[in-house]
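Below: the structure, in structure tokens.
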Amino acid sequence: MIFAAGFGTRMKELTQDRPKPLIPVAGKPLIDHALDLVEAAAIPVRVANVHYKPAPLIRHLTARDVVISDETQAILETGGGLKKARPLLPDAPIFTMNSDAVFRGPNPFEALRAAWSPDQMSALLLLIPVEQARGTQSDGDFQIDADGKLYRGLGLIYSGIQIIDPRAVDPVEDDVFSLNVVWNRLASEDRLFGVAYEGHWCDVGHPAGIAIAEDLLAGPDV
């Protein structure tokens, strides 16, 4: 599932006439960088939620065989968005992905696949070492212990991509909630894990991030 329903307020005037996922980065819409990674990883079922200025985004996504989860009546945040989209998704562990970042290096989905262990995990987050992150001033969201379990702390930034058992959202009674609510519960159950990405990543959630992302994509292999 690709989260594409945000207002893009950090993009300021660039989202006056289009949703953030359609802002061009390195010659193509930002969301196409995400979809190219999805296709390269041969993920067959693709769902995206939409809310802000949905019509052009729906046309773009359906042309790329993406099923639409309609949030035009109310934006539901990441957890609520996944909960609403559950009927459109396999009843098995899935990838979720934010649509406002670019990667340079190994396919991030393959990195998660290689580390996924469903007997131990209910969610596996792809994390970026701070020194490999661009376009952000974050000092990190998580740390990984010796067993690969996650706890809150500085040093590793959430990349926006994870594998999660979608049933993990079912106990939440609210319709609007962040996946942080789910992660906190999974961490308390020792079911939240992470893996560090070997390549580089750029946050493209703000105007300055566009040039930084284009410079990253044009650079040498990492």
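The values are calculated or read from the model by the stated rules, or taken from the named source; none is laboratory data. Since this is a predicted model, take the numbers as computed values, not measurements. Glycine also receives a Cβ, built like all others from the backbone with ideal geometry; neighbour counts cover every protein chain displayed. Side chains are part of the model used for accessible areas, which takes the heavy atoms of the whole protein and leaves out ligands, DNA and RNA. Shrake-Rupley method; radii C 1.70, N 1.55, O 1.52, S 1.80 Å.
Once amide H atoms are built 1.01 Å from N in the peptide plane, which residues 5 or more positions from residue 25, or in another chain, come under 5 Å H to H?
For residue 25, the qualifying residues are 30.
Pairs on different chains or at least eight residues apart, Cα atoms closer than 30 Å: how many lysine pairs in the chain fit?
So the count of such lysine pairs works out to 16.
Defining a contact as two alpha carbons under 8 Å apart and six or more residues distant in sequence, what relative contact order in percent does the chain show?
Relative contact order comes out at 25 percent.
About the Cα centre, and with charges only on the beta carbon of Lys, Arg (+1) and Asp, Glu (-1), how big is the dipole of the chain? Nearest 20 debye, please.
Its charge dipole is roughly 500 debye.
Quick check for you: with a 1.4 Å probe and neighbouring chains kept, what is the accessible area per residue of the chain, in Å²?
Counting only protein heavy atoms, the per-residue value for the chain is 45 Å².
How much net charge surrounds residue 61 when only other residues with a Cβ under 11 Å from its Cβ are counted (Lys, Arg +1; Asp, Glu -1)?
Net charge around residue 61: +1.
Only bridges with both residues in the chain count here: give the DSSP antiparallel percent, nearest 5.
Bridges in the chain that DSSP calls antiparallel: roughly 60 percent.
For residue 190, what charge total do you get from the other residues with a beta carbon under 14 Å from its beta carbon, if Lys and Arg give +1 and Asp and Glu give -1? The partial results should precede the final answer.
Details: positive: 149, 185, 191; negative: 119, 145, 147, 189.
Taking every other residue near residue 190 into account, the sum is -1.
Label points 7 Å out from Cα along the Cβ direction at residue 91 and residue 62: separation in nm?
Output for this residue pair reads 2.8 nm.
Calculate what fraction, in whole %, of the accessible area of the chain sits on carbon and sulfur atoms when a 1.4 Å probe is rolled over the protein chains.
The value for the chain is 51 percent carbon and sulfur by accessible area.
With a 1.4 Å probe and all protein chains kept in place, how much accessible area does residue 39 have, in Å² rounded to the nearest 10?
Solvent-accessible area, nearest 10 Å²: 80 Å².
First select every other residue whose beta carbon is under 9 angstrom from the beta carbon of residue 25; then total the charges, Lys and Arg +1, Asp and Glu -1.
Surrounding charge for residue 25 is -1.
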